[in-house]
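Below: one structure, written as structure tokens.
The values are calculated or read from the model by the stated rules, or taken from the named source; none is laboratory data. From a predicted model like this one, the values you see are computed outputs, not experimental measurements. Positions of Cβ are backbone-derived with ideal geometry, glycine not excepted, and every protein chain shown enters the neighbour counts. Areas reflect the complete protein model, heavy atoms only, side chains present, ligands, DNA and RNA absent. Shrake-Rupley method; radii C 1.70, N 1.55, O 1.52, S 1.80 Å.
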Amino acid sequence: MGSNKIAPQSDYVTDWLDKRARLTPDRIALIDNSDQSKTTFHEWNRRVNRTANFLKSLGVGKGDRVAVYASNNTDYLDLFWAAPKIGAMLQNLNWRLTVFELMGIVESGAPGVLIYSEDWREQVEELKPSFKTVEHVVAMTNPGAGERDFAERNLMPSTLCDQPDLTLDDPWGIYYTGGTTGLPKGAVLTHGNVTWNSVNTITSWGINGQHKAALQLPFFHIGGPNIFMAPLVHAGGTTVLCSGFDVDETFDLVEHAGITHYVAVPTMFQMLQEHPRWEDTDFSKLELVISGGAPCPLPVMQKFWERGVDFKMGYGLTEASGNNFWLPAELVQKKIGSVGYPIFHIDMKIINPDGSLCADNEEGELLIRGPHIVAGYWKNPGATAETIRDGWLHTGDIAKRDEDGCYSILGRSKEMFISGGENVYPAEIESILSGHPLILEAAVVGVPHETWGEVGKAYVVAADGYDEDELRIFLAERLAKYKLPRSIVVLDALPLTAIGKIDKKLLSTKGSPT
């Protein structure tokens with residue numbers, strides 16, 4: 001008798017661009033805002049196939065890492081789609097980090113290939129002596145001695161053969177998020193994570209093939225590919241690629257490029273509203289504007305509402321693939337400050353410190369469950385076990401749910417703060433501070449800042465001979481700019497709690513940075 005066993009659905013992975021290219025070949029998939037060039041889905045798939053074949057020619061196969069150290073450009077987007085076609089993992093390097101930080105990340109990821117854009121050539125040269133596994137360094141333009149030219153991919157076939165069998169549990173890429181100690185943690189996104197985030201976004205946010213969104217967020221962040229770009233490919237919409245955030249360019253996108261969807265961090269919105277073009281710009285084509293990365297000030301939201309724009313706050317984190325909530329337009333101004341309801345294939349709960357469920361309007365830690373939750377952290381089983389327990393992602397964020405089931409994010413537990421949309425972990429900075437020979441003790445807290453939301457303020461106990469300028473040089477060589485304390489205060493001793501721990505609550509009340 002034959003078996004009645006049904007093959008698990010997780011065994012099926014589709015080639016996104018190939019499928020979209022067959023369904024809507026002539027639809028515009030990508031617009032490069034730097035030169036206004038347009039690419040159809042058919043053309044994009046052929047170009048990405050060439051890129052995948054180029055990677056294969058470099059010896060890249062299933063499970064291998066391809067490190068990318070690049071600013072936003074079309075080559076980077078091509079790599080995002082090319083690597084998963086052959087089962088490779090994209091290791092996305094955060095160019096805001098210092099070379100010192102990236103050395104450890106590259107060593108941990110052990111990529112066989114590193115691809116970089118011209119603007120990071122100097123940093124790549126500094127990194128090269130530390131490479132242990134990198135066999136090929138590929139320059140997107142102007143390759144140096146011993147480097148490969150990314151343009152070689154243009155000589156490759158535009159069809160792709162011998163693609164590996166993949167499941168939704170196979171990894172797609174590594175995206176780095178702050179670590180409380182040591183290196184940033186590399187969250188491993190699977191094919192299932194990317195797929196389910198897209199399904200959730202399309203079904204809950206109403207994304208369709210007529211939509212067009214600007215991509216300004218850095219592509220090494222989960223928000224770069226996952227907030228709009230991947231869902232737009234899934235639905236057949238258009239992505240307008242920008243090299244980064246520029247105020248004037250953004251107003252041009254709104255008025256002349258016909259974008260319908262836009263995402264940014266609060267600092268970017270504030271810069272738009274302070275610009276002379278704000279008052280005269282026609283926002284009527286925008287169907288959705290969403291803020292992420294940090295709580296958005298109410299006055300910023302109100303200014304968009306006054307212009308008839310559906311502006312709302314989102315909530316996402318790398319470990320949950322990007323998108324998690326949706327607040328219907330008719331409730332945005334009724335439930336001010338809320339992020340809304342969990343989107344389609346997601347479960348949420350809020351718990352007390354003892355693990356019991358919180359009642360309505362009771363504050364507690366937000367836990368998330370669903371197929372969009374990452375597989376774990378790269379080579380960090382301890383952090384994985386601490387963060388993902390019994391299938392639930394413990395976010396470390398404090399939230400509450402009202403009687404209608406609508407959620408609000410109240411703040412971050414522990415000590416993390418967000419500066420300009422970037423997570424900053426005081427323990428990492430304190431560790432570096434303590435590495436200076438003249439720093440005896442150190443504590444860092446987040447304090448309010450008009451532009452960046454929060455910035456770091458360091459309190460140190462220093463030995464004789466301490467020089468602040470020397471310490472700042474020391475820090476700048478070891479920490480990304482957004483992590484650098486805005487002010488440093490020297491104390492005779494750090495305040496302690498009754499049980500002998502540094503009293504950071506007291507330090508946090510000492511005011512904004514000087």
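Shape class for the range 97-192, computed from the alpha carbon gyration tensor (a ≥ b ≥ c): oblate, with a/c not under 1.5 and a/b at or below b/c. Other residues with beta-carbon under 15 Å from the beta-carbon of R472 carry, at +1 per Lys or Arg and -1 per Asp or Glu, a net charge of 0. Evaluating 6.51 cos²θ - 1.76 cosθ + 1.60 at θ = phi - 60° for every residue in the range 471-481, the Karplus couplings come out as 5, 5, 5, 4, 5, 5, 7, 10, 10, 4, 4 Hz, glycine and proline recorded as x.
Note on the chain: with neighbouring protein chains present and a 1.4 Å probe, carbon and sulfur make up 51 percent of its accessible heavy-atom surface. Solvent exposure of the range 339-421 amounts to 48 Å² per residue of accessible area, where only protein heavy atoms count and the probe is 1.4 Å.
The distance linking the range 422-484 with the range 352-416 is 28 Å (Cα centroid to Cα centroid, whole angstrom). Counting only protein heavy atoms and a 1.4 Å probe, the range 182-336 has 33 square angstrom of accessible area per residue.
When the chain is described by a simple charge dipole with +1 on each Lys and Arg Cβ and -1 on each Asp and Glu Cβ, the residue from T40, Y116, Y12 located farthest towards its positive end is Y12.
Only one residue of S284, M301, V332 has its Cα farthest out toward the positive end of the dipole of the range 284-368, where Lys and Arg carry +1 and Asp and Glu -1 on Cβ, and that residue is S284. Is the chain best put as rounded, prolate or oblate by its Cα gyration tensor, with a ≥ b ≥ c the root eigenvalues, rounded for a/c under 1.5, and otherwise prolate when a/b is larger than b/c, oblate when not? In terms of gyration-tensor shape, rounded. Close amide H partners of E135, meaning residues 5 or more places away or on another chain with modelled amide H under 5 Å apart, are V113.
Note that the range 112-129 has calculated 3J(HN,Hα) couplings of x, 9, 10, 10, 9, 9, 4, 5, 10, 4, 4, 5, 5, 4, 5, 6, 3, x Hz, one per residue in order, obtained from phi through the Karplus relation 6.51 cos²θ - 1.76 cosθ + 1.60 (θ = phi - 60°); glycine and proline are x. Dipole check for the chain: with +1 at the C-beta of Lys and Arg, -1 at the C-beta of Asp and Glu, and the Cα centre as origin, the magnitude is about 1120 Debye. Which of N142, M156, F131 sits farthest toward the positive end of the charge dipole of the range 81-161, with +1 on the Cβ of Lys and Arg and -1 on the Cβ of Asp and Glu? Positive-most Cα among the choices belongs to M156. When I502, I31 are compared by accessible surface with a 1.4 Å probe, the order from highest to lowest is I502, I31. When peptides 368-378, 12-22 are ranked by their average number of other Cβ atoms within 10 Å per residue, the highest-first order is 368-378, 12-22. Assign one of three labels to the range 262-412, namely rounded, prolate or oblate, based on the Cα gyration tensor with a ≥ b ≥ c the square roots of its eigenvalues; rounded applies when a/c is under 1.5, prolate when it is not and a/b is larger than b/c, and oblate otherwise. Verdict is prolate for the range 262-412.
Listed by chain and number, the lysines whose alpha-carbon sits under 18 Å from that of K335, ignoring those within fewer than 8 places in the same chain, are K303, K312, K400.
Along the range 307-313 the Karplus relation, 6.51 cos²θ - 1.76 cosθ + 1.60 evaluated at θ = phi - 60°, assigns HN-Hα couplings of 9, x, 9, 6, 9, 8, 8 Hz to successive residues, with x for each Gly and Pro.
In the full protein context, the range 441-496 carries 49 Å² of accessible surface per residue, based on a 1.4 Å probe and ignoring ligands, DNA and RNA.
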